[in-house]
Amino acid sequence: MLIGACGAIDPKVYPESNDRVDTADIDRVTADSILRENGISIPRTLNYHSGIGRSYGFPGTPDSYMKFVESNNSVGGELHATDIGVEFGQFETYPCDSTFIRTSLLGRLGLDCHGSPFVQVASDGTPPRRGAERLSGTTLVVDTMDGEVRLYIAIVGH
C-alpha cells in the first residue's frame, strides 16, 4: 500500500513492476489533493480521466501521473502551460517517442503516439533534455488526437 501526504492509495501492482516499485491507481479526490499540494490548477474545460502513483519503497513522496481530457472540444487546442501553473514555461515540441516519455507511466494512461508523432511538453524547472531517460520535477505533456486535447501531468516525487 502506498502512503503519501494525501493518504493511502490502494495498490495495483503491474506485471512489469518489480519488488522495489509498486504502482497504484489514483482516484479523483487524491488527484485533487496532489494537484493542490503542488500548486497546479486544471482549467475547467478539462476533466479528470485517470491517474497512477508509483512508490520506490523508501520514504518520500511517490511519483504521480495523471490524465485530463477536454470536455466537448472546449479547449480548442489553445491550452497554455501558464493556465496550469505560473512556474511552467512555454510548451515545447518533442517527439512522442522520446525516451523520457516511453520510460514513464504516461503510456499506461493512454499516451500512445497514434494521434501525432509529436507532443507539447512544459516543465516547472529545466525542460527535459533531448535524450533524457527520466522526468524530473513536474512535467506537462499535451497530446492531441482526433481534435481532442489530452493533458498528462507527471509529478516526480522526492
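The values are calculated or read from the model by the stated rules, or taken from the named source; none is laboratory data. Everything numeric here is computed off the predicted structure, so don't read it as measured data. Please note: Cβ atoms are built from the backbone with ideal geometry, for glycine as well, and neighbour counts cover all protein chains shown.
Descriptive notes on the structure:
- Qualifying strands (runs of 3 or more DSSP E) (wholly inside region 1-96; at least 2 residues being farther than 19 Å from ASP124 by Cβ and either of a type in the set (Gly, Ala, Ser) or at pLDDT below 85 (or both)): 2-4, 7-9, 22-25, 46-55
- Residue count for region 138-147, restricted to those that are at pLDDT 80 or above and either out of contact with any strand residue (DSSP E or B) (no Cβ under 6 Å at 6 or more places or on another chain) or aromatic (Phe, Trp, Tyr) (or both): 1
- Cross-chain or 6+ apart pairs with Cβ under 9 Å, region 59-71 first and within 27 Å of ASP146 (Cβ to Cβ) and of a type in the set (Phe, Trp, Tyr), then assigned to a loop (DSSP other than H, G, I, E, B) and modelled with pLDDT of 80 or more: TYR65/ILE26; TYR65/LEU105; PHE68/ILE42; PHE68/PRO43
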